[in-house]
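Worksheet: one structure, shown below.
The values are calculated or read from the model by the stated rules, or taken from the named source; none is laboratory data. Because the structure is predicted, anything quoted here is derived from the model rather than measured. No Cβ is skipped: glycine too gets one built from the backbone with ideal geometry, and neighbour counts run over all protein chains shown. Protein only, heavy atoms only, side chains kept; ligands, DNA and RNA dropped before computing areas. Shrake-Rupley method; radii C 1.70, N 1.55, O 1.52, S 1.80 Å.
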Amino acid sequence: MFYLQSPQLLQVLQKSLRKSLPESLKVYGTVFHMNQGNPFKLKALVDKWPDFNTVVVRPQEQEMTDDFDHYINTYQVYSKDPKNCEEFLGMSDIINWKQHLQIQSSQSSLDEVIQSVAAAKLVKVKRTQCILYMMPKTAKNLVPFLLETENVCPESGVPKAINLQKFKCSSLDVTHAALVNKYWHFGGNERSQRFIERCIQNFPSCCLLGPEGSPVSWSLIDQTGEMRMGGTVPEYRAQGLVSYIAHAHTQIMDKLGFPAYNHTDKANKIVQKMSDTMHHVRMPCDWNQWNCVPL
């Protein structure tokens, strides 16, 4: 096992992962933001170097002090070899299977591997599988071959105009975390609120402030660089606000040179329709998350 600590090695890893897109997207996005200052204090582990088979990105041990905080105890995994991946994840110093944790990957093929290792470690697993999208400019830059094969538009769609006298475009403040947490599908608890606060403090966000001066629609990113936790308060839904805010947030990410991508629940037809209208590029691979709880 090799711990890639220096900025030079992390840059090499990022370039190598780029060659494996879109399957490496969750790990690529995470390493990209590690190279932008690493505010979540993550570390990258590989089975060998430089010709690695498996890479795992995880928090440093001193960050994982709460055994029940799976928002922090999150691992991103990419592997070229499932057999090697199973051996690597089973090593004692890669994943702390005694904690509540999450594993994220853009590779559905790792499901059998993760289920097998978890069973051997006496860990219960719940898998969530969603649709993975890249924003047009990011796709044009990182996976241009997909635009050709899928015959999709490489330019972003234009959102419906909104009343900018009624709404003001802004960024989220840490005091808005409770509101975001209330409507986040994966949140709604104290640990998720602390996680959201940390994301707001460290990453670019975007929101629309309503007439009362509080956010009515918003989008922010997590430590993997994914646009997540977006939402709109119920009384302002069906007004095109989420399209507007997603477009505005994507423009911010594009200007910063950050890869822009997100996921959508397979049952959420409204967001899927919006994604089609905005020319978001659906990836041939999925967004996967495995929630693991020791028995």
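Of the residues that sit in region 187-200 and are farther than 19 Å from Q251 by Cα and without any contact (Cβ under 8 Å) to a residue 40 or more places away in the chain, which one is most open to solvent (accessible area, probe 1.4 Å)?
Per the criteria, the residue is E190.
Which residues, taken from region 189-237, are among the β-branched types (V, I, T) and closer than 21 Å to Q76 by Cα?
I196, I200, I221, T224 - these are the residues of region 189-237 that are among the β-branched types (V, I, T) and closer than 21 Å to Q76 by Cα.
Pick out, from region 94-169, the helices (runs of 4 or more DSSP H) lying fully within it that include 3 or more residues that are without any contact (Cβ under 8 Å) to a residue 24 or more places away in the chain.
Answer list for region 94-169: 144-150.
Identify, by number, the condition in (1) surrounded by 17 or more Cβ atoms within 10 Å (Cβ to Cβ); (2) touching a Pro at 6+ places or on another chain (Cβ under 9 Å) that R58 doesn't meet.
(2) is the only condition that R58 fails.
How about region 101-145: which of its residues are open to solvent by 50 Å² or more (accessible area, probe 1.4 Å) and either within 22 Å of the chain's Cα centre (by Cα) or at positive phi (or both)?
Within region 101-145, S109, E112, Q115, L122, K126, R127, Q129, K137, K140, N141, P144 qualify.
Yes/no matrix, rows are residues, columns are (1) of a type outside the set (F, W, Y); (2) farther than 22 Å from L21 by Cβ; (3) out of contact with any Lys or Arg (no Cβ under 7 Å at 6 or more places or on another chain):
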site	(1), (2), (3)
F203	no, no, yes
C207	yes, yes, yes
R237	yes, yes, yes
T250	yes, no, yes
G257	yes, no, yes
M283	yes, no, yes
N291	yes, yes, no
L295	yes, yes, no
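Here are the criteria: (1) surrounded by 21 or more Cβ atoms within 10 Å (Cβ to Cβ); (2) under 20 Å from the mean Cα position of the chain (by Cα). Tell me which single one F52 does not satisfy.
(2)
Kindly indicate whether H176 is of a type outside the set (A, V, I, L, M) and part of a loop (DSSP other than H, G, I, E, B).
no
Could you please give the count of residues in region 8-42 that are in contact with a helix residue (DSSP H, G or I) (Cβ under 6 Å, 6 or more places away or on another chain), assigned to a loop (DSSP other than H, G, I, E, B) and open to solvent by less than 60 Å² (accessible area, probe 1.4 Å)?
Looking only at that region, the number is 4.
Filter region 67-80 down to residues that are over 15 Å from the mean Cα position of the chain (by Cα) and open to solvent by less than 40 Å² (accessible area, probe 1.4 Å) and give me whichever is farthest from N189 (Cα to Cα).
Of everything passing the filter in region 67-80, S79 is farthest from N189 (Cα to Cα).
Just to be sure before I move on: is K255 under 24 Å from Q104 (Cα atoms) and of a type in the set (D, E, K, R) in the structure I sent?
no
Are there any pairs, at least 6 apart or on different chains, whose C-beta atoms fall under 7 Å, with the first in region 271-289 and on the phi > 0 side of the Ramachandran plot and the second of a type in the set (G, A, S), and if so, which?
Close Cβ pairs satisfying both conditions: H279/S156; H279/G157.
Restricting attention to strands (runs of 3 or more DSSP E) lying wholly within region 206-295, give those where 1 or more residues are open to solvent by less than 10 Å² (accessible area, probe 1.4 Å), modelled with pLDDT of 95 or more and not polar (S, T, N, Q).
Output list reads 206-209, 215-221, 261-264, 281-294.
So G187 passes all but one of these: (1) closer than 23 Å to G157 by Cα; (2) not in a helix (DSSP H, G or I). Which condition number does it fail?
It fails just one condition, (1).
Within region 59-93, track down each residue that is without any contact (Cβ under 8 Å) to a residue 60 or more places away in the chain and of a type in the set (D, E).
E61, E63, D67, D81, E86, E87
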